[in-house]
Amino acid sequence: MRTCGIEIKGSEAIVCLMTLKHGLFELADCRQNRFALSKDADQQQMRQFQFTFAKFIEDYQISQLVIKERPQKGKFAGGAVGFKIEAALQLIAGCNCTIISATELKEKLKRHPLPIDFKDTGLKVFQETAFLAGYAFLMK
């Protein structure tokens, strides 16, 4: 099962692809590690964003999306564009989508610490939260 961990930050969806086979994690190389949506996106732009992401899912045979939940209020609350992105991703047909809370993420990492240092994964620094979301989901 190929999983795509996602962190929505501002007007971008940052992604990290991974699979778990026989207890080993495999990080897949992919052509794109972030998808952007303009802050004043209209219906056509929303459809284009969703189509592009759906094509990404199809091309990489992703069966599970895992989105790190963002607070709805408070200092670190997500913006309107981020929630549009989240809705567009959840509505993509043929792919399961799970939202993982920060609390659940911390609990999973406590019970199943990372087997390697994040720096050794070869991923970009900005992909760390997306990586952790995917990892925590696969450690169920």
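The values are calculated or read from the model by the stated rules, or taken from the named source; none is laboratory data. These figures come from a predicted structure and were not determined experimentally. Neighbour counts run over all protein chains shown; Cβ positions are idealised from the backbone, glycine included.
Mind listing whichever residues of region 61-76 are touching a helix residue (DSSP H, G or I) at 6+ places or on another chain (Cβ under 9 Å) and assigned to a loop (DSSP other than H, G, I, E, B)? The answer is 69, 70, 71, 72.
Applying a threshold of 9 Å to beta carbon distances and a minimum spacing of six or more residues, or different chains, the list of pairs starting in region 39-60 at a residue that is more than 19 Å from residue 78 (Cα to Cα) and in a loop (DSSP other than H, G, I, E, B) and ending at one that is modelled with pLDDT under 95 and hydrophobic (A, V, I, L, M, F, W, C) reads 60/28; 60/30. Among the residues of region 1-40 satisfying the criterion of being farther than 21 Å from residue 99 by Cβ and surrounded by 15 or more Cβ atoms within 10 Å (Cβ to Cβ), which is farthest from the chain's Cα centre (by Cα)? The residue in question is 25. Residue 55 meets the stated requirement of being at pLDDT 95 or above, more than 13 Å from the chain's Cα centre (by Cα) and of a type in the set (D, E, K, R).
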